[in-house]
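*Asks:* This structure is in structure tokens; I'll ask about it shortly.
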Amino acid sequence: MNNRHLYGLVFVLMAAGLGLFFFKVTVLGFPVTPFEESEIWDVEASVSFVAQKKPVRFSLFLPRNTERTSIVNEQFLSRGYGLITRNDDGNRQAVWSIRKDTGEQTLYYHATVQREGISSGRKIKKIPDVVAPGFEGPFLDAANSVVSEIVSESADMDILVAALLKKLNSDKPDDHVLLLLGKKNTLDKKLQTAVQILALHGSPARVAHGIRLKEQGRDLPFVHWLQVFDNGFWKNYHPLTFEPEIPEDYLFWWHGAAPVFTAKGVDNPKVKISVSLSLESAINALVDRGQVLTPQLIAFSLFSLPIHVQTTYRILLMIPVGALLLVFLRNIVGVKTFGTFTPVLIALAFRETELVWGLFFFSIMVALGLSVRFYLEHLKLLLVPRIASVLIVVVILMAVFSIITHKLGLVRGLSVAIFPMVILTMTIERMSIVWEERGPSEAMQQGFGSLLVASAAFAVMNIKMIEHVLFVFPEMLLVCLSGTLLIGRYTGYRLTELFRFKVFLKD
Amino acid sequence: MLKHYRALLNKGVMGINKRNGDYILAYNPRHLYPLVDDKLRTKKLATEKGLGVPELYGVVEIVRQAQDLPKLLSQYEDFVIKPAHGSGGEGILIISGRRGSFYRKPNGLLLKESELVHHVVNILSGMYSLGGHPDSALIEYRIQVDPVLESISFQGVPDIRIIVFMGVPVLSMVRLPTRIANGKANLHQGAIGAGVNIATGTTLNAVWFNDVVTEHPDTGHKISGVQIPYWDTLLSFASSCYDLTGLGYQGVDIVLDKKKGPLILELNARPGLNIQIANMTGLSHRLQRVEAQHHGLHDTEARVAFAKQHFSV
């Protein structure tokens with residue numbers, strides 16, 4: 001065979017892939033490792049409601065530039081709604097409105113946020129007005145005694161605020177605090193009460209709300225803290241540690257007693273905040289800072305695709321890695337599997353179910369499907385109707401399995417629905433044929449082989465590092481291809497053949 | 001591990017990767033596969049060349065013809081129905097006689113005419129064919145096993161597998177059905193494989209599953225040292241199959257009939273590697289020898305003579 005041709009091809013592919021890779025890393029400064037502590041984040045607020053054939057007005061507070069974070073870019077998706085944004089006492093607000101609308105509606109706000117280093121910010125000359133505390137009768141007395149208590153203990157504002165927060169957060173609050181907080185003693189209520197008490201003391205204060213830029217996620221909760229005006233600056237106080245500082249990853253969103261949104265003319269209004277690391281922006285930032293010299297490379301890279309398509313490619317690009325591993329395990333180790341790429345597809349499903357549950361679901365589904373398949377064998381059905389029957393039974397089994405696990409409160413059980421059912425069906429069909437023709441032990445061997453390869457592929461495809469490298473450096477697929485081509489001409493023994501032919505080793 | 005790898009390499013044992021990469025891909029052009037995958041085409045080719053095959057009684061290609069089957073079969077007392085594209089002996093129905101309107105299988109069970117027709121319809125639907133494609137059913141002569149081989153097999157039909165490379169027979173074994181194998185001649189189903197000396201046609205060691213055996217576990221007869229009848233004819237049949245199909249590397253399966261002698265049963269473009277264990281001999285060295293010298297071997301006689309000269313034991 002013309003192996004020289006193959007080696008030449010492998011060399012060219014390998015050189016092209018690795019060459020481009022090293023060029024991008026060393027000359028252009030592309031990051032080889034995922035950003036651990038990214039400075040740039042994509043923040044999205046999705047607003048949803050059911051319009052009721054009436055005028056709709058939806059106001060949403062928006063994050064704004066602060067000394068801690070700056071908003072690099074923002075977009076609104078308004079779907080025909082009128083949109084105004086306004087600034088009001090240090091808060092930004094978007095107001096969407098329309099004369100008449102019906103049905104379920106979703107609007108979006110999207111911002112790219114860059115974290116700056118912590119600085120104290122601008123000094124504010126004009127002391128903000130103190131809002132009237134609004135205590136009356138017994139509440140005023142209780143508040144006054146709290147104020148006199150904390151003032152007598154404190155030398156400066158930090159100690160005063162700490163003493164106040166400590167008092168309000170106490171496990172055994174005294175009668176004054178009990179009266180002021182009432183029954184609904186949430187963190188938000190405690191902070192609002194602190195603001196009122198500080199107003200009584202004569203210090204301007206407000207409750208700040210925000211989110212954490214820590215982990216990627218959907219439907220994130222808001223965090224709350226206290227801001228007190230002291231010596232020309234708004235100082236942030238952590239509500240639980242009472243320290244005059246909040247974690248670096250807090251993103252200020254709005255302040256005050258009002259909720260994040262107010263809606264008129266709609267039912268069931270909801271706002272969900274999701275946050276993701278912005279790799280694209282991070283690399284664009286490198287371009288802006290002049291570290292990436294050729295922006296054309298970015299323009300024609302995967303980063304130019306819309307975010308949800310990028311997410312798909314993150315997964316798709318891992319399939320070649322799984323395929324390479326499969327080729328290695330089949331042709332060099334000699335593991336027997338059902339079907340050629342079945343294990344890789346099973347591994348993809350494992351990404352949703354997690355490994356242990358995935359193995360469990362898969363084994364259960366195949367075992368049940370197999371018993372049905374053996375029963376169908378008695379009916380002597382023709383091929384295509386037989387496979388179709390198994391497919392239908394698999395879908396029924398999946399539904400039943402999901403319902404049972406849901407009733408038992410096992411959330412993971414629902415993810416069985418994402419198993420590719422055609423793959424399950426074909427696995428069952430192949431397994432039953434091998435079972436009949438070559439015996440149960442061979443069928444079990446191939447079944448375990450498939451699961452082994454699927455688990456290994458899952459483990460490799462789940463390595464964040466590899467995912468990152470393939471996404472930022474898709475040219476590494478050429479290296480992957482050259483490895484596969486090389487194994488394609490490996491004509492040595494498979495590892496398992498050393499055991500198959502062990503009789504030859506006896507003397 | 002590396003020591004074992006080297007030991008196998010020294011003994012010339014061939015692995016699957018080597019078989020596929022260096023022999024099947026290199027010497028078996030894919031367009032020739034249909035010649036051996038379709039038993040009907042193989043049979044026609046062999047008949048044209050004057051090689052013995054089991055006589056073809058009839059072919060059923062569409063379901064309508066299956067209804068006329070009983071009329072076609074009325075003149076035959078015993079026969080075999082098999083799928084044209086079957087593999088591993090699946091879907092083969094042997095009828096050894098009749099009782100009234102019933103058909104009798106070798107194990108004594110009786111089949112109704114409708115059951116027989118149903119089996120044929122199943123074959124047509126592709127139940128036993130590779131990839132489930134629609135198939136046709138062949139009805140042919142039932143082999144009467146040669147008495148020499150009959151004594152060392154349990155029911156079923158023993159066959160002789162010869163690996164032929166560029167027309168030169170390189171390795172051979174006889175596959176003997178056992179009770180466990182249910183009368184089938186497949187090694188992984190529990191048939192015995194006994195290596196055959198290419199030069200003399202006498203059997204060598206026998207392998208049953210992974211053990212070396214000397215007697216047939218069901219009949220108790222000695223397996224090794226048995227002289228296979230018609231050996232020279234078998235070798236020349238096997239060698240001729242290269243001219244028949246053009247496949248450089250193939251497995252030829254031949255049966256021995258009591259009256260008609262050697263008959264070619266089927267050809268295989270991807271013959272298995274267990275034949276090496278049955279012979280306790282690796283394939284690689286023999287294949288390399290043929291690769292180096294086959295250019296001087298232009299006809300069947302020369303190729304068989306070359307094999308007998310170089311491949312004794």
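Please treat every number below as a calculation from the coordinates, not as lab data. Just so it is clear, the model here is predicted, and its values are computed rather than measured. All Cβ positions, glycine included, derive from the backbone under ideal geometry; neighbour counts span all protein chains shown.
*Asks:* Over chain B, what per residue volume does the convex hull of the Cα atoms give, in whole Å³?
*Replies:* Value for chain B: 135 Å³ per residue.
*Asks:* Cβ neighbours within 10 Å, averaged per peptide: list A:220-228, A:81-89 in order, most packed at the top.
*Replies:* On the way: A:220-228: 18.6, A:81-89: 11.9.
With the highest mean Cβ count within 10 Å placed first, the list reads A:220-228, A:81-89.
*Asks:* From the mean inverse distance of alpha carbon pairs (Kirkwood) and the Cα radius of gyration, derive Rg over Rh for the range A:397-507.
*Replies:* Numbers: Rg = 20.0 Å, Rh = 18.4 Å.
Over the Cα atoms of the range A:397-507, Rg/Rh equals 1.09.
*Asks:* I'd like the distance between the alpha-carbon centres of the range B:30-57 and the range B:90-128, rounded to an integer number of Å.
*Replies:* With the range B:30-57 and the range B:90-128 each reduced to a Cα centre, they are spaced 24 Å.
*Asks:* What is the Å³ per residue value for the convex hull set by the Cα atoms of the range B:1-129?
*Replies:* Output value, Cα hull per residue: 187 Å³.
*Asks:* For peptide A:376-384, how many partner chain Cβ atoms fall within 10 Å of a residue's Cβ, on average? Show your work: numbers first, answer last.
*Replies:* Values: counts 0, 0, 0, 0, 6, 3, 7, 10, 3.
If you average over the peptide's residues, the count of other-chain Cβ atoms is 3.
*Asks:* Just to check I understand the Karplus step: with θ = phi - 60° and J = 6.51 cos²θ - 1.76 cosθ + 1.60, what whole-Hz values come out for the range A:142-147, glycine and proline as x?
*Replies:* So the J values, rounded to whole Hz, are 4, 4, 4, 5, 5, 4.
*Asks:* Same structure again: List every residue whose amide H lies under 5 Å from the amide H of B:I180, counting only residues 5 or more places away in sequence or on a different chain, with H placed 1.01 Å from N in the peptide plane.
*Replies:* Sorted by chain and number, the residues that satisfy this come to none at all.
*Asks:* Right, something else. Pick from B:P177, B:P29, B:P229: which is most flexible by mean-square fluctuation in a GNM of chain B where alpha carbon atoms under 10 Å apart are linked?
*Replies:* Checking each option, the largest mean-square fluctuation is seen for B:P29.
*Asks:* Where Lys and Arg each count +1 and Asp and Glu each count -1, what net charge lies around A:D174 among other residues with Cβ under 15 Å from its Cβ?
*Replies:* Values: positive: A:K166, A:K167, A:K172, A:K190; negative: A:D141, A:E149, A:E153, A:D171, A:D175.
Every neighbour counted, the sum reads -1.
*Asks:* Normalising by the residue count of chain B, find the relative contact order in percent from Cα pairs under 8 Å and 6+ residues apart. Can you show the working numbers first?
*Replies:* Numbers: 630 pairs, mean separation 64.7, N = 313.
Contact order relative to length: 21 percent.
*Asks:* How many times 2.2 N^0.38 Å is the alpha carbon radius of gyration of the range A:347-401? Display every interim value, and only then the final one.
*Replies:* On the way: Rg = 12.9 Å, N = 55, 2.2 N^0.38 = 10.1 Å.
For the range A:347-401, the normalised Cα radius of gyration is 1.28.
*Asks:* Per-residue mean of other chain beta-carbon atoms within 10 angstrom of the beta-carbon, peptide A:488-498? Mind dumping the intermediate values first?
*Replies:* Working: counts 2, 4, 4, 11, 7, 10, 3, 3, 2, 10, 9.
Rounded to a whole number, the mean comes out at 6.
*Asks:* Which lysines, if any, have their Cα less than 30 Å from the Cα of B:K49, not counting same-chain residues under 8 positions apart?
*Replies:* Filter leaves B:K39, B:K82, B:K184, B:K258, B:K259, B:K260, B:K308.
*Asks:* Does the range A:27-172 come out rounded, prolate or oblate by the C-alpha gyration tensor, with a ≥ b ≥ c the root eigenvalues, rounded set by a/c under 1.5 and, if not, prolate when a/b is larger than b/c and oblate if not? Show your work: numbers first, answer last.
*Replies:* Working: a/c = 2.48, a/b = 1.34, b/c = 1.84.
Oblate, since a/c reaches 1.5 and b/c is not below a/b.
*Asks:* Same structure again: With no solvent and one equal point scatterer placed on each C-alpha of the protein assembly as shown, evaluate the Debye formula and give log10 I(q)/I(0) for q = 0.05, 0.09 Å⁻¹, two decimals.
*Replies:* Log10 of I(q)/I(0), two decimals: -0.48, -0.99.
*Asks:* When the chain is fully extended, how far beyond the present Cα-Cα distance does B:K222 get from B:L40, taking 0.36 nm per residue of separation? Spell out each step's value before the answer.
*Replies:* On the way: separation 182, 0.36 × 182 = 65.52 nm, distance 3.61 nm.
Difference between extended and current length: 61.9 nm.
*Asks:* Right, here's the next one. Taking the Cα centre of the range A:137-254 as origin, work out the dipole magnitude from +1 charges on Lys and Arg Cβ and -1 charges on Asp and Glu Cβ, in debye rounded to 20. Don't skip to the end; give the middle numbers.
*Replies:* Values: 12 positive and 16 negative charges, 94 e Å.
For the range A:137-254, the charge dipole is close to 460 debye.
*Asks:* For the range B:251-256, what does the Karplus curve 6.51 cos²θ - 1.76 cosθ + 1.60, with θ = phi - 60°, yield as ³J(HN,Hα) per residue in whole Hz, taken in order and with x for Gly and Pro?
*Replies:* Rounded to whole hertz, the list is x, 10, 9, 10, 10, 10.
*Asks:* Continuing with this model, one more query. Determine the dipole magnitude for chain A: charges of +1 sit on the beta-carbon of Lys and Arg, -1 on that of Asp and Glu, nothing else is charged, the reference point is the Cα centre, and the result goes in debye to the nearest 20.
*Replies:* Numbers: 50 positive and 44 negative charges, 328 e Å.
In total the dipole reaches around 1580 debye.
*Asks:* Per residue and in cubic angstrom, what volume does the convex hull of the Cα atoms of the range B:56-140 have?
*Replies:* Numbers: hull volume 6.8 nm³, N = 85.
Here the figure is 80 Å³ per residue.
*Asks:* Take peptide B:168-175, look around each residue's Cβ out to 10 angstrom, count Cβ atoms belonging to other protein chains, and average those counts. Walk me through the numbers before you get to the answer.
*Replies:* Working: counts 0, 0, 0, 0, 0, 0, 0, 0.
Other-chain Cβ atoms within 10 Å of each residue's Cβ, averaged: 0.
*Asks:* Longer than 25 Å from Cα to Cα, which of A:K125/A:K235; A:K24/A:K214; A:K183/A:K407 are they? Say none if no pair is.
*Replies:* Values: A:K125/A:K235 15 Å; A:K24/A:K214 28 Å; A:K183/A:K407 34 Å.
Listed pairs above 25 Å: A:K24/A:K214; A:K183/A:K407.
*Asks:* Going by amide H atoms built from the backbone, whose H comes under 5 Å of the H on A:E243, apart from near neighbours?
*Replies:* Amide H neighbours of A:E243, under 5 Å, 5+ apart: A:H238.
*Asks:* Here's another thing I want to ask about it. If you build the Cα gyration tensor of the range A:137-254 and take the root of 5 times each eigenvalue, what three semi-axes come out, in whole angstrom, biggest first? Before the final figure, lay out the partial values.
*Replies:* On the way: eigenvalues 129, 57, 27 Å².
Semi-axes (√(5λ), whole Å): 25, 17, 12.
*Asks:* Now a separate question. Provide the packing ranking of A:257-263, B:119-125, A:344-350, i.e. peptides ordered by the mean count of other C-beta atoms within 10 Å per residue, highest first. If you can, show how the numbers build up before the last one.
*Replies:* Numbers: A:257-263: 15.3, B:119-125: 21.1, A:344-350: 24.1.
Sorting A:257-263, B:119-125, A:344-350 by mean packing, highest first, produces A:344-350, B:119-125, A:257-263.
*Asks:* Still on this structure, please answer the following. How many angstrom lie between the Cα centre of the range B:1-15 and the Cα centre of the range A:475-491?
*Replies:* Distance between centres, Cα-based: 25 Å.
*Asks:* Say each of A:S145 and A:L187 gets a label point 7 Å from the Cα, pointing the same way as Cα to Cβ; how far apart are those two points in nm?
*Replies:* It is 3.0 nm.
*Asks:* Same structure, new question: Treating the beta-carbon of each Lys and Arg as +1 and of each Asp and Glu as -1, no other charges, what is the dipole magnitude of the range B:56-140 about its Cα centre, to the nearest 20 debye?
*Replies:* Details: 8 positive and 9 negative charges, 55 e Å.
My answer is approximately 260 debye.
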